[in-house]
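Colleague: Quick one: the structure is below, and I'll ask about it shortly.
The values are calculated or read from the model by the stated rules, or taken from the named source; none is laboratory data. Here the structure is a predicted model, which means the values were calculated and not measured. Ideal geometry is used to build each Cβ from the backbone, glycine not excepted, and the neighbour counts take in all protein chains shown.
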Amino acid sequence: MSILVTPDTKIIVQGITGDFGARHARLSLDYGTKVAAGVTPGKGGQVFEHGPHRVPIFNSVAEAAAATGASVSVIFVPPPYAADAIFECVDAGLDLAVTITEGIPVRDMVKVKRAMLGRKTRLIGPNCPGVVTPGTGDHSQGGCRIGIAPGYIHKKGSVGVVSRSGTLTYEAVFQLTTQGIGQSTCVGIGGDPVNGTSHLDVVRMFNDDPETRGMIIIGEIGGTAEVEAARWIKANCRKPVAGFIAGATAPAGRRMGHAGAIVGGTEDTAAAKIAVFRECGIEVAETPSDMAGALVRAALARGVKLV
Amino acid sequence: MNIHEYQAKALFEKFGLPAPKGAPATSPAGFDAALAVLPEGPTMVKSQIHAGGRGKGTFKDGFKGGVKYCRTKAEAREAAGRMLGNTLVTAQTGPGGRKVQTVYFTAASDIKKEYYLAILLDRASSRPVIVASTEGGVEIEKVAHESPEKIVRTVIDPAYGVADFQVRDLVTRLGFNAAEGKNAARFIRTLVSLYGATDASMVEINPLITTPSGEVLALDAKVSFDDNALFRHPEIVALRDLNEEDPKEIEASRHALNYIALDGSIACLVNGAGLAMSTMDIIKHYGGNPANFLDVGGGASKDQVSAAFKIILGDAAVRGIFVNIFGGIMDCNVIATGIVEAVRELGLKLPLVVRLEGNNVAAGKATLAASGLTIVSGDTMADAARKIVALVA
């Protein structure tokens, strides 16, 4: 299995007629992902064409969901309108809204997150690369690629990856694939201070997924979400876990690219998080080149076969 | 984005938040006009820089204190003359200090007691939180460390805003008397409005004071705004003071590059924030020191790469460059071509190590190798980091 999405998941692309959304909708179609509908208000009735694919465009998420049965949406809507796009998914009762958009005002996210309380929709992101469940074809084709990750670097398998950073996720996936180790699902939860799904949420899902045999958690400075996940792992998880925290050399008080990557106190530094990882039995990657290596060590120590 | 205290106080005035009367001046010629706004008598002179610890700071010429209490306007005029144009070094500015280009005069207040009041984002609950303390005028981090029980926190529900009972509770726990309490409650509610209406990421008042007559006043004001929300606040963007920012960082933002200057000797050029941070880390891990954080974004164009090289080379401390690109979607050959062009155009003499991985990487590496330039190739991040550290040593 996998978490969140399977190769059969049908997806809606909000913002499919914009440059960014269109480009990644095409790449997802090429990967074999079931892109069922596009949404662009005012362009309902048009068709998004790519090779043999004809994707119908709707004016609203509710219409797209009703017409196609899709229950997952990916959002490529520009920052001023992105929070509204998320709320539209919640209102339409979707299962999952994956928000790629970078630069959404924090106040908008605070409001949307409050509005999502008690509703069934799960939000991933914003400011994230999305979710990939690799397929069984060449270069993992036939999988479900939601967002902007390069599909071809994946390989179907048993390792779960969760990260706040896009390129670091690709780095970890590439290392695993190069060593012949496949992935169950890779989840980018995004680099913003207010996001929909935490490291812990994803770790719990990986822990419950029988096909996920080990996981890599990638974090960075700022906030304490990685610490929360590590403590839960120590108490509840028997699967091998490797971890990496970026930003050991970041100066305090400066925002390092990601809106959420800022050291504010003594508990959200890389050193503090790494110390908690160690204390919780997570094998720490000394450098970003060592992420797959660290997981292999953790698996060996627990007698778990990753392949 | 940060603003100066005098700008924050002007914003406070617009919202009806009480603070001592004040006026800024940017030249000695402006001192008299600024002081004319204030009543006769004790006056504060405050250096306007975007860094804390001003009161305990020292100027480069030895003059002590970036914030001064003066008994008369004449004394204030003299102190302001010492500060303006002088460079103030505080615990937060680094050894280089910051040049004071504006001074702010305010009427000195009669202080009964000092408090701390702030509103910021509570990341754990994804909601705004009011943080307050009876220990004002000292660093809040110190209070949090030494007497955490003296800090009170109230999380605001974004669906309802701050509730009456929450404000009452704060006022009671901070120990205000009846007259002060009324003013404090109004102050807190107004500050919450300001925080929301301006898309602030933090407002901090340290100290907030009471006077013997029961007034509640903001003696200091620190406000920073969510960069993501600036598009809907042109009036706030207009407050940006480019003098307070590193010129290289300003140039970078013009090219949609994310650059932060550091004090090492190995410059980095990376795609993606997480990878950029960990590139700095891996340089340090192998014994070098990063000169900067530089994220060219997911889809680095040739122009961006070229602009990035120019910015990097504007830092005289740079002794070598580490380019680390994981081209997931973008074509590594496009990046390689951009690097070769930039190096040729700039006549780069410093050691350059490039680690390329991802889409069309073989062609990218071939382009680098065929360029005839001395570009060292790294196979992995670790390999490349070791190479650049060795070349710079």
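Colleague: Just one of (1) within 30 Å of A:R145 (Cα to Cα); (2) in a helix (DSSP H, G or I); (3) at pLDDT below 90 trips up B:A342, so point out which.
Modeller: It is condition (1) that B:A342 fails.
Colleague: Hey, among A:D30, A:D19, A:D8, which residue is at pLDDT below 95 and either under 27 Å from A:I153 (Cβ atoms) or in contact with a His (Cβ under 7 Å, 6 or more places away or on another chain) (or both)? Before the answer, list the steps.
Modeller: Numbers: A:D30 fails: at pLDDT below 95; A:D8 fails: at pLDDT below 95.
None of the others qualify; the one that does is A:D19.
Colleague: Within region B:266-279, can one find any residue that is on the phi > 0 side of the Ramachandran plot and within 11 Å of another protein chain (Cβ to nearest Cβ)?
Modeller: yes
Colleague: Take the residues in region A:244-261 that are more than 7 Å from chain B (Cβ to nearest Cβ) and within 13 Å of A:A225 (Cα to Cα); name whichever of them is modelled with the highest pLDDT.
Modeller: Result: A:I245.
Colleague: Can B:V162 be described as farther than 30 Å from B:L38 by Cβ and buried (at least 17 other Cβ atoms within 10 Å of the Cβ)?
Modeller: So B:V162 fits the description; yes.
Colleague: For region B:126-138, what are the residues that are farther than 19 Å from B:I188 by Cβ and either surrounded by 15 or more Cβ atoms within 10 Å (Cβ to Cβ) or within 12 Å of chain A (Cβ to nearest Cβ) (or both)?
Modeller: If the condition is that a residue be farther than 19 Å from B:I188 by Cβ and either surrounded by 15 or more Cβ atoms within 10 Å (Cβ to Cβ) or within 12 Å of chain A (Cβ to nearest Cβ) (or both), then B:S126 is the only one that fits.
Colleague: Hey, another quick one. Name the residue that is farthest from B:G347 (Cα to Cα), counting only residues in region B:361-372 that are in contact with a strand residue (DSSP E or B) (Cβ under 8 Å, 6 or more places away or on another chain) and touching a residue at least 24 places away in the same chain (Cβ under 8 Å). If you could, list the steps in order and put the result at the bottom.
Modeller: The first filter runs over region B:361-372 and keeps only residues in contact with a strand residue (DSSP E or B) (Cβ under 8 Å, 6 or more places away or on another chain), leaving B:361, B:364-365, B:368-369.
Those still in the list that are touching a residue at least 24 places away in the same chain (Cβ under 8 Å) too: B:361, B:364-365, B:368.
On the way: B:V361: 25, B:G364: 20, B:K365: 20, B:L368: 15 Å.
Selected residue: B:V361.
Colleague: Please indicate, with yes or no, whether at least one residue in region B:40-61 is under 20 Å from B:L239 (Cβ atoms), among the hydroxyl-bearing types (S, T, Y) and crowded, with 21+ Cβ neighbours inside 10 Å. I'd like the intermediate steps shown before the answer.
Modeller: Looking only at region B:40-61, we keep the residues that are under 20 Å from B:L239 (Cβ atoms), and these are B:46-52, B:54.
Applying the additional criterion that residues be among the hydroxyl-bearing types (S, T, Y) yields B:47.
Filter once more, so that each one left must be crowded, with 21+ Cβ neighbours inside 10 Å: B:47.
Looking for residues that are under 20 Å from B:L239 (Cβ atoms), among the hydroxyl-bearing types (S, T, Y) and crowded, with 21+ Cβ neighbours inside 10 Å, one finds at least one in region B:40-61, hence yes.
Colleague: Please enumerate the residues belonging to region B:280-309 that are at the interface with another protein chain (Cβ under 9 Å from one of its Cβ atoms) and in a helix (DSSP H, G or I).
Modeller: Residues satisfying the conditions are B:M280, B:D281, B:I282, B:I283, B:K284, B:H285.
Colleague: Right, another one. Checking the structure you have, find out if any residue of region A:178-186 is assigned to a loop (DSSP other than H, G, I, E, B) and under 28 Å from A:I75 (Cα atoms).
Modeller: Among the residues of region A:178-186, at least one is assigned to a loop (DSSP other than H, G, I, E, B) and under 28 Å from A:I75 (Cα atoms), which makes the answer yes.
Colleague: Just one of the numbered conditions (1) among the polar types (S, T, N, Q); (2) surrounded by 16 or more Cβ atoms within 10 Å (Cβ to Cβ); (3) within 19 Å of the chain's Cα centre (by Cα) is not true of B:Q92; which one?
Modeller: Among (1) among the polar types (S, T, N, Q); (2) surrounded by 16 or more Cβ atoms within 10 Å (Cβ to Cβ); (3) within 19 Å of the chain's Cα centre (by Cα), B:Q92 violates only (2).
Colleague: Kindly provide the set of residues from region B:210-253 that are closer than 30 Å to B:A316 by Cα, charged (D, E, K, R) and over 13 Å from the mean Cα position of the chain (by Cα), ordered by number.
Modeller: B:K248, B:E251
Colleague: Quick check on region B:139-147. Is at least one of its residues part of a strand (DSSP E or B) and either in contact with an Asp or Glu (Cβ under 7 Å, 6 or more places away or on another chain) or exposed (fewer than 13 other Cβ atoms within 10 Å of the Cβ) (or both)? Quick ask: steps written out before the conclusion?
Modeller: Keep residues of region B:139-147 that are part of a strand (DSSP E or B), which gives none.
Checked region B:139-147: no residue is part of a strand (DSSP E or B) and either in contact with an Asp or Glu (Cβ under 7 Å, 6 or more places away or on another chain) or exposed (fewer than 13 other Cβ atoms within 10 Å of the Cβ) (or both).
Colleague: Here's something else I'd like to know. Being assigned to a helix (DSSP H, G or I), facing chain B (nearest Cβ under 9 Å) and within 25 Å of A:T99 (Cβ to Cβ) is the filter here, so list the residues in region A:155-177 that pass it.
Modeller: A:G166, A:T167, A:L168, A:T169, A:Y170, A:E171, A:F174 - these are the residues of region A:155-177 that are assigned to a helix (DSSP H, G or I), facing chain B (nearest Cβ under 9 Å) and within 25 Å of A:T99 (Cβ to Cβ).
Colleague: Still on this structure: Name every residue in region B:130-168 that is within 18 Å of B:T210 (Cβ to Cβ) and over 25 Å from the mean Cα position of the chain (by Cα), in order of residue number.
Modeller: Selection gives B:T134, B:K150, B:V152, B:V167, B:R168.
Colleague: Under the condition of being away from chain B (no Cβ under 14 Å) and closer than 17 Å to A:T178 by Cβ, which residue from region A:286-307 is surrounded by the most Cβ atoms within 10 Å (Cβ to Cβ)?
Modeller: In the first step, residues of region A:286-307 are kept if they are away from chain B (no Cβ under 14 Å); the result is A:295-307.
Those still in the list that are closer than 17 Å to A:T178 by Cβ too: A:295-297, A:299, A:306-307.
Numbers: A:L295: 28, A:V296: 21, A:R297: 15, A:A299: 23, A:L306: 20, A:V307: 13.
Checking each candidate, the answer is A:L295.
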